[in-house]
Structure formats: C-alpha cells, structure tokens
Ligand code: BDR
Ligand code: CA
C-alpha cells in the first residue's frame, strides 16, 4: 500500500490495548515505527513484557518496543488490574518473549522519530496515561508542532466516568500529563467513553474474531472474553467496550467515527472530579477550538476492520 501512515503506539497493555496492538500490527495502513510503554493498567515492567509478548504473537519482531515512564508526573501510580487481570492480559499467562526491549527510553524514541521525519508525518496513538507524551513535550517543545495526529483514548463527558463518577481511567491516572498535552500545540483527537462505549464486543463479534483461527484472532478473542467476564461481574454489562481500538481504527479508517471540534480541559485541582474532561463546543466561548472529540462510532465497521486485519 502506498502512503502508509507512520505511527507510534504508546500503551499500557491491558486487554483492550492488546486488541488495538493486534489491529495495528496487522494493518497495512500503518508503518509501525515503535511501540512505547507506560505504567498504567499494570506496572511498567508488566506493560513492557506484555507488549513484547503481543509483538511476538503477531510476528512483528521488526517493531521496537521501548519502555517509557514508570509513574505519572505527580500522582501515585494507580492500576486497573481488576479490569485486566493481575498480569494485565486477562486469561493469558505470561511467557518469556524472545524479542528484547529496545535501547533508549520511550520518551526519546517518540522525540527521535518525530524530529527525524517530515513535519506532520508521524502519528501517535496514546492508549494509556499521557505521561510519555507530556515528558516528550517538556524535553523537546518543538515536537508539538511537528507531530501529526495525536489520537488518544481518554476522557469522559456524556457517559460519565469509569474510574470515578466523572473521570475516565487514563486521564484520571495522570491528569497533569493530559493537561500539559491538551495545552500544547498537539493536534489531539480524543476518543472518550462517549465514543468507546459504542464499540462493544458482543458474543457474535467475539465469535467472528475467534473464527479466524489465527494467533492474532485467538489472542484478541481471549482478551475480549476476559473483558466480558469482568465487565459482567463489576459493571453488569454483557458486551464490554473495547476502548483502545478506537483511536487506532480511526487512524486507519477515519470514516468510521464522527468527530466534533472543541476545546478540552482537564480538572487537576479537585479530588472529587480529578481527571474530568470539560469539553467546550461553543466557539464564541472557547475562542478557538483546537481539539476534536469523538461523538459517534460505526461499531460494525470497526469490528469488520478488526476481523479483516487479524485474518
Ligand atoms: C482505558 O483505561 C484502561 O484501563 C484501558 O486500557 C483503556 O485505555 C479505558 O478507560
Ligand atoms: Ca490502555
């Protein structure tokens, strides 16, 4: 395919990160430059190990995995092991992946890739707390203007939160990082719970992925089955949202999502509403609208894309 999108995936696998990685590893739409990891759902050592395991399953030893930040900018590290399992990949037992962790910190890997390539040509999908991107912007402020699309899974508005009543986990885990990113010149498109709750792994959709009978399909199906089990137990939902797939699917197929321009601000003061994303759509009030907020998703289209790319 000509004109592949150069892409870095910054993530904290995580069962839904794993499905998103399988999609990215299998998508000819992308030139996958690197996977960078962050402490989030589980500690950094585990997210990095999990990324290496997933890379091996997908047969993508060519993609470097760099370890990034092990803690948020200011907050204590918090995990989401109840939704991802103690090791982060649900039912999947850890194994010793053969491919190494790449030399160099994840933050430097992001900076180097963006600064070496043509301005605007490298996209970043952020599927965990935004710590690595915030640190990269502190270290190389010129990077914000040179980055292409920054597609983020994070934030909560109409749907309410999933870690507190008003906040989504990734933004809540490191609100100061999200705040710094959203105040920068980065071209941020956010896939918050308003959109990701529309993209749910129903039994039929999981079965279609499992029926591929490929290592990637088996892995993604196992992740979604684990999510289904815990969402049933904890939240009472039958079909779990597959949050992290959304930004990656959008980068491959923008037509699958409906976006609205806006200005997104993050609550960093109050403990009660820590990490809430205030989304302002009114141009006269916001003065300018530098961000995009996903309001709609074609879930059938997203799952067709997953099923095609994991084949
Ligand atoms: C986000 O939080 C994490 O637990 C998931 O991997 C996803 O990135 C959803 O709120
Ligand atoms: Ca994640």
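Shown for region 55-208 is the translational diffusion coefficient from the Stokes-Einstein equation, using the Kirkwood radius over Cα pairs, a temperature of 4 °C and a viscosity of 1.567 mPa s: 75 µm²/s. Shape analysis of region 34-115 places it in the oblate category; the axes a ≥ b ≥ c from the Cα gyration tensor give an a/c of at least 1.5, with a/b not above b/c. Each residue in 115, 153, 130 was given a count of other beta-carbon atoms within 10 angstrom of its own, and listing them fewest first yields 115, 153, 130.
Take the eigenvalues of the Cα gyration tensor for region 242-311, scale each by 5, and report the square roots as semi-axes in whole Å, largest first.
Each semi-axis is the square root of five times an eigenvalue, giving 29, 16, 8 Å.
As a proxy for reagent exposure, ranking 37, 164 by other Cβ atoms within 10 Å from fewest up yields 164, 37.
Hey, what's the Kirkwood Rh for the chain if you take every pair of different alpha carbons, in angstrom? For the chain, the Kirkwood estimate is 18.9 Å. Each principal axis of the Cα cloud of region 184-311 was taken in turn, and the coordinate range along them, longest first, works out to 51, 33, 20 Å. As a rough footprinting exposure proxy, the listed residues 150, 35 were ranked by other beta carbons within 10 Å of their own, and the order from fewest upward is 150, 35. As a rough guide to protection, the peptides 95-106, 253-264, 223-234 ranked by mean Cβ packing within 10 Å, highest first, stand as 223-234, 253-264, 95-106. Region 130-146 and region 205-274 have their alpha-carbon centroids 26 Å apart. Full extension of the chain between residue 270 and residue 95 gives 58.9 nm of extra length, using 0.36 nm per residue less the Cα-Cα distance. Full extension of the segment from residue 304 to residue 117, taken as 0.36 nm per residue of separation minus the current Cα-Cα distance, would add 64.1 nm. If R0 is 22 Å, the Cβ-Cβ spacing of residue 232 and residue 87 corresponds to a FRET efficiency of close to 0.60. Rounded to the nearest 500, what is the chain's calculated 222 nm mean residue ellipticity when only DSSP H runs of at least 4 contribute -39500 (n - 2.57) each, over all residues? Mean residue ellipticity, 222 nm, calculated: -11000 deg cm²/dmol. Annotation for region 108-129 versus region 69-106: alpha-carbon center distance of 21 Å.
Since every read-out is calculated from the coordinates, none of them should be taken as a lab result. If you're wondering where the values come from, they're calculated on a predicted model, not measured in any experiment. Positions of Cβ are backbone-derived with ideal geometry, glycine not excepted, and every protein chain shown enters the neighbour counts.
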